[in-house]
Amino acid sequence: MSGLMGDFMDELKAQVENRTISLPSRWAEKRRVMGAPFEGPYSFKYHPWCRELHNSKASWNVSMKSAQAGYTEVGINLALYSVDVLRKNVLYVLPTLGDASDFSRSRFNPALRMSPYLSRVFTDANNVGLKMAGNVSLYIRGSRGDNALKSIPVSTLILDELDEMDQSQIELALQRLRGQPEKKVWFISTPTVPGHGVSLEYAKSTQEHFRFKCPGCGKYDELRFPDSIEICGEDMTDPDCYRSYYRCTLCNYKFKEFKDDNNFIRQDDKLQALTNTGVWQPTIAGTDPDRRGFKINQLYSYTVSAGEIVIDWFKGQTNSFAKQEFHKSVLGEPFVGENSQVNDEMISRAVRNYSSTELTPTAGQDRMITMGIDRGEWCNYVIAEWFFDSASVDLNTAASCRVLAAGRFHQEDFEMYPDRLMHEWQVKAAVVDMDPGHQDARRFCRRFPGYVWMAKYIVGRTGKEMKIEDDGSYAPVLKVDRTNWLDVSLGRFYSNRIELPNDLPRGFGEHCKNLVRVYEKDSEGHPYAAYRNFGKADHYGHALNYAEMALPCAASIAHNTNISKFL
Ligand SMILES: [Zn+2]
């Protein structure tokens with residue numbers, strides 16, 4: 001049979017078949033066709049833990065993933081299954097519009113093209129952001145940008161790389177599900193920092209681990225680092241690392257690896273145990289069974305040897321970026337490095353027995369007081385006094401900081417409020433951020449010529465250095481390295497070189513805590529450190545940072561010399 005009649009018969013056969021393929025996992029095996037490296041029908045052969053993910057009946061599902069967990073493929077399968085079998089609209093969200101377009105082209109298009117069945121079902125698949133199967137839609141969208149996720153009524157929502165998304169847009173997307181009788185949400189992401197995105201959602205879930213029967217002792221065990229690996233070797237260059245092996249944490253049963261003709265280390269013994277006996281088990285009792293969470297690490301991977309894991313671990317001992325990546329990509333866990341985030345304990349340790357009204361300067365006092373202002377609709381300020389107890393060449397290192405006051409005012413009051421603060425606190429130097437819109441900042445500079453600087457964060461400058469641009473219009477601009485200055489100002493909390501009044505506004509501590517130091521990669525793949533706020537308010541943290549930058553400015557005035565002398 002050929003032509004229309006053939007198509008019709010195929011369609012009829014498929015419809016009958018769909019009725020017998022009730023489980024999403026069975027549907028995926030029958031309907032998905034994969035390209036390299038696992039060519040052929042989709043299978044659970046190398047990712048046995050993914051089967052149960054397909055069949056989860058929970059409304060809320062969280063997948064905290066490590067590299068090569070196969071979780072993204074699950075997201076794709078569930079999206080296509082919902083459209084094809086359940087006949088329900090699906091919204092598949094990625095962090096940016098660019099991510100969404102790339103994903104549509106590189107993942108969804110091949111998925112539809114390679115499966116003769118799906119290429120028939122999806123009648124209109126050319127549109128990057130929308131794939132139609134009859135009158136049912138699969139929307140593929142980026143989380144950023146106004147209205148990106150508005151007015152799309154769906155019952156299935158898949159958020160892929162949740163941690164990188166605009167968190168306020170996620171709220172909007174979740175609201176789309178309200179009123180849907182049967183809703184399904186999938187949060188999928190590589191974790192970033194604790195308490196954010198996927199790790200936050202995972203904490204609310206059943207927190208399931210994939211456990212299996214050990215071939216040695218017959219008891220249920222899981223693969224976790226470092227207990228499940230016999231670690232060999234002394235450092236990352238030691239060839240003995242490759243003698244490391246996976247083992248049972250209960251009886252030390254050694255999982256056999258063997259090298260095939262292509263020098264590929266195969267993990268058949270481990271895979272067999274996972275395939276035959278693997279089962280997801282909650283690790284937390286009493287959580288809502290309608291919120292399932294699934295976490296898997298790279299120790300489970302068929303293609304990753306124990307030796308490779310050990311080498312990655314050794315790398316992390318000497319390199320902060322590698323350490324972060326080990327936790328995120330290998331262990332699938334959120335991670336914050338040492339001295340990378342201020343915590344409550346550090347803040348309460350810094351609070352002293354004085355209030356912000358007690359230490360106002362009186363006439364004739366000569367005190368080193370600076371101010372930092374972070375502008376926005378609301379402008380946050382920090383007033384700080386500086387004391388020198390050591391003779392370091394570096395001014396900021398030598399100084400300890402006493403925050404005198406902090407607060408905020410509305411941008412409409414920018415004509416008056418900061419001026420009053422300058423007089424009230426006898427501020428020697430103030431730094432205000434240049435953006436958004438330069439006008440307010442520029443005018444403020446000109447009202448106090450020689451006492452106020454505008455700051456512009458530059459990514460990629462090295463050292464604590466400042467570059468000053470002064471066009472003679474009494475509105476000098478400090479170009480400063482964001483990461484390095486935040487290292488200095490927030491670093492005071494780690495080294496106990498900051499004091500806080502006992503009546504600071506509530507947001508102060510939170511804003512400092514919300515700036516987390518992480519490693520990112522530039523366009524050439526080189527890692528660099530950066531502070532991220534993960535969508536949370538950080539204004540007082542920046543105001544404090546500007547007050548810190550104002551110190552060398554104040555010193556240059558006091559000594560009538562160039563700022564660079566104090567850096
Ligand atoms: Zn055992």
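The values are calculated or read from the model by the stated rules, or taken from the named source; none is laboratory data. Just so it is clear, the structure is predicted and the values come from calculations on it, not from any experiment. Methodologically, a virtual Cβ is constructed for each residue, glycine included, from the backbone with ideal geometry; neighbour enumeration extends over all protein chains shown. Note: accessible area is taken over every heavy atom of the protein model, side chains too, but ligands, DNA and RNA are not part of it. Shrake-Rupley method; radii C 1.70, N 1.55, O 1.52, S 1.80 Å.
Results, tabulated for the structure shown:
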| read-out | value |
| --- | --- |
| Global geometry of region 491-564, whether rounded, prolate or oblate, following the gyration tensor of its Cα atoms and the 1.5 cut on a/c | oblate |
| Normalised contact order of region 247-370, rounded percent, pairs of Cα under 8 Å and 6 or more residues apart | 15 percent |
| Accessible area of THR283 in the full protein assembly, 1.4 Å probe (Å², nearest 10) | 70 Å² |
| Around PRO527: net Lys/Arg minus Asp/Glu count, Cβ-Cβ under 9 Å | -2 |
| Shape of region 203-346, Cα gyration tensor, a/c cut at 1.5 | oblate |
| Restraint check, LYS219/LYS521; LYS65/LYS219; LYS254/LYS323; LYS456/LYS536; LYS57/LYS259; LYS131/LYS536, Cα-Cα greater than 31 Å | LYS219/LYS521; LYS57/LYS259; LYS131/LYS536 |
| Listed residues PHE258, SER244, ILE296: farthest to the positive end of the dipole of region 180-311 (Cβ charges) | ILE296 |
| Amide proton proximity set for LEU130, modelled H, under 5 Å, gap of 5+ | ILE140 |
| Relative contact order (percent, whole number), region 58-126, Cα cutoff 8 Å, 6+ residue spacing | 16 percent |
| The chain: calculated mean residue ellipticity at 222 nm from DSSP helix runs of at least 4, using -39500 (n - 2.57) | -9000 deg cm²/dmol |
| Segment ASN484-ASP503, extension gain: residue separation times 0.36 nm, minus the distance between their alpha carbons | 4.0 nm |
| Inter-centroid distance (Cα atoms) of region 354-413 relative to region 206-226, Å | 55 Å |
| Label-point separation, ASP419 to ASP240 (7 Å along Cα→Cβ), nm | 7.3 nm |
| Electrostatic dipole magnitude of the chain [Cβ: Lys, Arg +1; Asp, Glu -1; Cα centre; debye, to 20] | 1420 debye |
| For PHE225, solvent-accessible area (1.4 Å; no DNA, RNA or ligand), Å² | 40 Å² |
| Distant-in-sequence amide H partners of ASP433 (H built 1.01 Å from N, under 5 Å) | ILE373, ARG375, ALA455 |
| Computed label-point distance, nm, for sites ASP389 and ASN533 using a 7 Å Cα→Cβ extension | 3.1 nm |
| Other-chain or far-sequence residues with amide H under 5 Å of GLU161's (modelled H) | ILE188, SER189, THR190 |
| Å² of accessible area per residue within region 121-271, as computed with a 1.4 Å probe and no ligands counted | 47 Å² |
| Three-way shape label, region 27-115, alpha-carbon gyration tensor, a/c 1.5 | rounded |
| For region 335-349, 3J(HN,Hα) per residue [Karplus equation, 6.51 cos²θ - 1.76 cosθ + 1.60, θ = phi - 60°, Hz, x = Gly/Pro] | 8, 10, x, 5, 6, 10, 8, 5, 10, 4, 4, 5, 5, 5, 4 |
| Accessible-area composition of the chain, carbon plus sulfur, in percent [1.4 Å probe] | 49 percent |
